[in-house]
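Notes follow the structure.
The values are calculated or read from the model by the stated rules, or taken from the named source; none is laboratory data. Fair warning: this is a prediction, and the values are worked out from it, not measured in the lab. Using ideal geometry, Cβ is built from the backbone for each residue, glycine included, and neighbour counts are taken over all protein chains shown. For the accessible areas, the whole protein counts, side chains as well, though only heavy atoms, and no ligand, DNA or RNA atoms are used. Shrake-Rupley method; radii C 1.70, N 1.55, O 1.52, S 1.80 Å.
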Amino acid sequence: MDIVVIGATGHIGTFLVPRLVRAGHRVTVVTRGTSTPYADAPEWAQVERVTADREQEDRDGTFGDRIAALGADAVVDLVCFTLESAEQLVRGLRGSGTHLVHCGSIWRAGVSHVLPITEETATPPFGEYGTQKDVIARMLLQETADGGVVTTSIHPGHISGPGWMPIGPLGNLDPSVITRLATGETVEVPGLGAESMAHVHADDVAQLFQLAVQQRDAAAGQDFFATAPTALTVRGYAHLIASWAGREARLECVSWDRFRGTSAPEHADASWEHLSRSQVFSTEKPQRVLGYAPTFTAEETVRDALRWQVEHGGIDVPESFRP
């Protein structure tokens, strides 16, 4: 097939584009031209590149038509964040026969009521990001139900992999948490430590996008959560980190008020966003409908990401630290 990938050099595209090329598809990547994939692969030499400033072209009202003019069998949109942007792409693709596979977010689901969360039991979202992703997904599914563009929405968890910091044990990107656990310092934990996170390896997310593209009929008018088959709690994640340094995690549960008073605002805010949701998702639907078979557990996902950080000097840890 001819496949267009919008935002191809990010977390998912780094793994998806080589997968599609290896499967024999002709791939065109659409990027701003300002970044490179997190991991190089020989397959990138076989793709066609298109440079586009989506934000500007959305304002000009030209982006949807530009993508439609590429004449692809499928368009994978990895960088759509507003309803207006999604609607413009849909208008451009109407009548083309193109399958649109959209990247959403698990944050289209709100707080946990029943675990694991399924596509049918997710509660309403909160916050601007999750609300926008939910509105987009609903619009796309209605578009398909009404006989318009064939769409599929995939909603990844906390995407992790080699090349960038994963969401850490406290639900934020503070590398000092890893350092303190690895050196035996006491780490203050907001809440109970039982709150959960939904990590997923970037290559497993890429696998699900590839499956959706290649199984258009099965994926049409569907949405899927994409996470690892397991989920880590705060304390479980912390003990895992400490064990890689041959230690036991030293944790002290504190109030959110205290945590906010002793943490940088951006880290405290990120912790609240992740831990207040405390989400665990089912992978049953993508497994049943598309044959999704995630390779990495949550534990293996964070291990792979942090091993890369250690090897490239991204975190300050003792020599004994061996993910």
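Per the helix-only calculation at 222 nm, which mean residue ellipticity applies to the chain, given -39500 (n - 2.57) for every DSSP H run of n ≥ 4 and division by its residues, nearest 500 deg cm²/dmol? Numbers along the way, then the final one.
Details: 13 runs with 126 residues, N = 323.
When only DSSP H runs of four or more count, the value is -11500 deg cm²/dmol.
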* Which residue fluctuates the most in the chain, going by a Gaussian network model with Cα springs under 10 Å, if the choices are Arg26, Arg59, Arg303? -> Arg59
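Give the accessible surface of the chain per residue, rounded to a whole number of Å², with probe radius 1.4 Å and ligands, DNA and RNA excluded.
Details: 13580 Å² over 323 residues.
Value for the chain: 42 Å² per residue.
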* Asked: Which translational diffusion coefficient, to the nearest whole µm²/s, is obtained for the chain from the Stokes-Einstein equation, given a Kirkwood hydrodynamic radius over C-alpha pairs, 37 °C and 0.692 mPa s?
  -> 161
* Angle between the chain longest axis and helix 83-93 axis [Cα atoms, degrees, rounded to 10] -> 30
* Listed residues Gly291, Gly171, Gly24, most fluctuating in the chain (Gaussian network, C-alpha, under 10 Å) -> Gly24
* To do: Determine the equivalent ellipsoid of the stretch 246-323 by diagonalising the alpha-carbon gyration tensor, then write out the semi-axes as square roots of 5 times the eigenvalues, largest first, rounded to whole Å.
  => 29, 23, 12
* **Among Gly221, Gly236, Gly246: highest mean-square fluctuation, GNM of the chain, C-alpha pairs under 10 Å** => Gly246
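If each residue of separation counts as 0.36 nm, what is the full-extension length gain between Glu185 and Glu43 once their alpha-carbon separation is subtracted?
Working: separation 142, 0.36 × 142 = 51.12 nm, distance 4.41 nm.
Roughly 46.7 nm would be gained on extension.
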* From the backbone phi of the stretch 2-17, what are the Karplus-calculated ³J(HN,Hα) couplings (6.51 cos²θ - 1.76 cosθ + 1.60, θ = phi - 60°) in whole Hz, Gly and Pro given as x? -> 8, 10, 9, 10, 8, x, 7, 9, x, 4, 6, x, 3, 9, 5, 4
* Considering the Cα trace of the stretch 1-121, what is its radius of gyration and what is Dmax, both in angstroms? -> 15.5, 47
* Asked: Quick one: with all protein chains in place, what share of the accessible area of the chain is carbon or sulfur, to the nearest percent (1.4 Å probe)?
  -> 49
* To do: Quickly rank 4-11, 89-96 as a protection proxy: mean count of other C-beta atoms within 10 Å, highest first.
  => 4-11, 89-96
* Round to the nearest 0.05 the FRET efficiency obtained for Leu192 and Asp146 when R0 = 51 Å and r is the Cβ-Cβ distance. => 0.70
* Quick one: what are the phi-derived ³J(HN,Hα) couplings along the stretch 121-130, Karplus 6.51/-1.76/1.60 with θ = phi - 60°, whole Hz, x for glycine and proline? => 9, 4, 7, x, x, 9, x, 4, 4, x
* To do: Residues in the stretch 37-58, backbone N under 17 Å from the label point at Asp73 (7 Å along the Cα-to-beta-carbon vector): list them, ranges by number please.
  => 47-48
* To do: Could you pull out every residue, at least 5 positions away or on a different chain, whose amide H is within less than 5 Å of the one on Ala226? Hs are placed 1.01 Å off N in the peptide plane, and Pro or chain starts have none.
  => His155, Gly157
* Can you give the net charge of the other residues whose Cβ lies under 15 Å from the Cβ of Ser160, counting K and R as +1 and D and E as -1? -> -3
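Between Arg32 and Arg322, 0.36 nm times their residue separation minus their Cα-Cα distance comes to what? Spell out each step's value before the answer.
Working: separation 290, 0.36 × 290 = 104.40 nm, distance 3.70 nm.
Between Arg32 and Arg322, full extension yields 100.7 nm more.
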* Would you calculate the separation in nanometres between label points at Glu87 and Asp53, each defined as 7 Å from the Cα along the Cα-to-beta-carbon direction? => 2.4
* Asked: Between Glu188 and residues 5 or more places away or on another chain, which pairs have amide H atoms under 5 Å apart, with H built 1.01 Å from N, and which residues are they?
  -> Glu252
